[in-house]
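The values are calculated or read from the model by the stated rules, or taken from the named source; none is laboratory data. This one's a predicted model, so the numbers in the text were calculated from it and none came from an experiment. Neighbour counts are summed over all protein chains in view; Cβ atoms, including those assigned to glycine, are modelled from backbone coordinates with ideal geometry. When the accessible area is computed, the model is the full protein with side chains, heavy atoms only, and any ligands, DNA or RNA have been set aside. Shrake-Rupley method; radii C 1.70, N 1.55, O 1.52, S 1.80 Å.
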Amino acid sequence: MEIGRLMSRLLGLMSQGLGLREDHLRSLLENNDDYSAQAHYYPPCPQPERTLGLRPHFDLKVLTVLLQEEGVVGLHVRNQERWIAVHPNPDALVINLADQMQVLSNDKYKSVLHRAVNNKRKRVSFAMFYGPKKDMSIQPIPELTDETTNRPIYSPYTFNEYLEKYNNLQGDEIRMIKETFKINYDII
Ligand SMILES: O=C(O)CCC(=O)C(=O)O
Ligand SMILES: [Fe+2]
């Protein structure tokens, strides 16, 4: 399956980027992984500046592969207090780094805050979310932490616990879930 090959390659490169063995993330997620997909249809909007297609969020899983329709810009990523438009490239997929990758990497990688804006014309995008099964335990990879300068930033949790917190949070604010699992070293 093509998407499986792409994931395997990405996980290999991301493991190397962390200074780990190439198969580290792959073997962590092997037999613990899960794919889901979502198609988005953003209808034509007469006053696009007055609404959002998707409000700012972090993706929940590990990595997201996004296919964007050509000719219309909708995806914005947050970078240094600004929104940057990600122009569709017919020969490229967009890969978004999601929350569980940030936690596994002990914040060496950062999940990306993003949103989708509307346009006067319709837009379609297709997202494939790659992540852990619900019962997988998530915690900073021990090889990336120590007891001095690289202390683990998050305590272990199951992906299901993360999802429950996500589902229980309401309101329009950006949902900051991983932050609730941060270890407070001041009170230990
Ligand atoms: O439509 C887009 O470009 C963004 C979709 C998205 O962020 C998501 O499905 O999580
Ligand atoms: Fe997203």
### Query
Does any residue in region 167-182 that is on the phi > 0 side of the Ramachandran plot come within less than 8 Å, Cβ to Cβ, of a residue that is of a type in the set (D, E, K, R) and open to solvent by less than 90 Å² (accessible area, probe 1.4 Å) six or more places away or on a different chain, and which pairs are these?
none
### Query
Within region 98-110, is even one residue modelled with pLDDT of 95 or more, open to solvent by 10 Å² or more (accessible area, probe 1.4 Å) and within 14 Å of ligand 1 (Cβ to nearest atom)?
no
### Summary
Checking Leu28, Leu18, Leu6, Leu13 in turn, the sole residue that is farther than 26 Å from Ile174 by Cα, open to solvent by less than 30 Å² (accessible area, probe 1.4 Å) and of a type outside the set (Gly, Ala, Ser) turns out to be Leu18
#### Entry: So Ile3, is it without any contact (Cβ under 8 Å) to a residue 24 or more places away in the chain and within 16 Å of ligand 1 (Cβ to nearest atom)
no
### Query
Taking Arg151, is it in a loop (DSSP other than H, G, I, E, B), of a type outside the set (A, V, I, L, M), modelled with pLDDT of 95 or more and under 30 Å from Tyr41 (Cβ atoms)?
no
### Task
Taking only region 60-71 into account, find how many residues are under 14 Å from Phe126 (Cα atoms) and either free of Cβ contacts under 8 Å to residues at least 60 places away in the same chain or open to solvent by 70 Å² or more (accessible area, probe 1.4 Å) (or both).
4
### Query
Assuming Asn118 fulfils every condition listed in (1) more than 14 Å from ligand 2 (Cβ to nearest atom); (2) within 16 Å of Arg55 (Cβ to Cβ); (3) touching a Lys or Arg at 6+ places or on another chain (Cβ under 6 Å) apart from one, which condition is it?
(3)
